[in-house]
Amino acid sequence: MAATPASPIPVAPAGLTRRAERFVACEGIRVAPHDIECHRDAWIKHGVPAAEIDRAVAFEARWGGLALPPAPFYESGPRILGADVPEGSATEGWWIPAGDGRYSMAYGFMIGPEGEFGISGYHWTPLHASTKGWVESLALAAHARRWAKTITRITGKAVESLNLAGYEPVPEVQGLTDSWWRGKDSLIAVYRGEAISMDAPGCLEAHVYAGLGERALRAD
């Protein structure tokens with residue numbers, strides 16, 4: 001019997017905000033995920049622990065095959081979310097590739113030992129505490145671009161001089177090196193991951209979305 005093809009209209013995984021659910025459903029597509037289980041025996045023979053393969057299987061079941069619009073940073077992000085063979089060791093921990101980039105770049109997208117979503121260049125750098133945080137960040141960027149009256153891009157040392165007094169972190173993006181901040185009428189995205197991962201302070205970047213009304217500032 002032929003396998004049932006994946007629906008191109010994705011169903012958002014549970015736990016996202018309504019904003020992110022709409023983003024995934026309206027702007028994403030879903031292709032057939034990888035069959036991670038078929039590699040289990042070969043990966044175990046090459047020293048990958050069964051628990052790490054289970055993590056890869058769980059990631060693929062939740063996020064595999066999900067293609068989202070380009071990210072505003074990180075060379076537009078992964079083309080399609082999807083797990084591959086875990087990399088690492090018992091002493092250093094294990095990372096799972098999270099999907100190929102849209103372009104050739106000096107780092108890859110990875111899932112860290114504690115489920116963090118991040119990039120691995122000269123250094124492993126977690127961007128968000130989970131893949132959910134990455135998707136929430138993409139959804140928030142699309143939302144802010146739609147509603148902002150002005151968008152200002154800040155780079156390099158000027159990012160460190162941003163005055164975030166009166167702003168509060170946006171919790172759903174689960175920010176680690178990257179973060180979003182909500183003020184009275186604006187949102188600020190701060191992208192530090194590439195600067196840290198690549199030892200390149202000049203890669204610091206922030207996007208200020210100003211002139212937002214109350215509706216545009218809500219999570220839903």
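The values are calculated or read from the model by the stated rules, or taken from the named source; none is laboratory data. From a predicted model like this one, the values you see are computed outputs, not experimental measurements. Here Cβ is always computed from backbone atoms with ideal geometry, including for glycine, and neighbour counts include all displayed protein chains. For the accessible areas, the whole protein counts, side chains as well, though only heavy atoms, and no ligand, DNA or RNA atoms are used. Shrake-Rupley method; radii C 1.70, N 1.55, O 1.52, S 1.80 Å.
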- Note on the structure: If we keep only residues of segment 156-191 that are touching a residue at least 24 places away in the same chain (Cβ under 8 Å) and among the charged types (D, E, K, R), then the residue farthest from PRO126 (Cα to Cα) is ASP185
- Query: Within the bounds of segment 81-88, is there any residue that is in contact with a Lys or Arg (Cβ under 8 Å, 6 or more places away or on another chain), part of a helix (DSSP H, G or I) and within 20 Å of ALA129 (Cα to Cα)?
  - Reply: no
- Identify all residues within segment 68-89 that are open to solvent by 50 Å² or more (accessible area, probe 1.4 Å) and more than 15 Å from ARG55 (Cα to Cα); write none if there are none. PRO70, GLU75, ARG79, ILE80
- Query: Where in segment 148-220 are the helices (runs of 4 or more DSSP H), entirely inside, with at least 1 residues that are open to solvent by 30 Å² or more (accessible area, probe 1.4 Å), of a type in the set (A, V, I, L, M, F, W, C) and within 26 Å of THR131 (Cα to Cα)?
  - Reply: 193-197
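Restricting to segment 113-147, name every residue that is β-branched (Val, Ile, Thr), in contact with a Ser or Thr (Cβ under 8 Å, 6 or more places away or on another chain) and part of a helix (DSSP H, G or I).
Within segment 113-147, no residue meets the criteria.
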- Query: What number of residues in segment 31-58 are under 16 Å from SER130 (Cα atoms) and open to solvent by less than 20 Å² (accessible area, probe 1.4 Å)?
  - Reply: 1
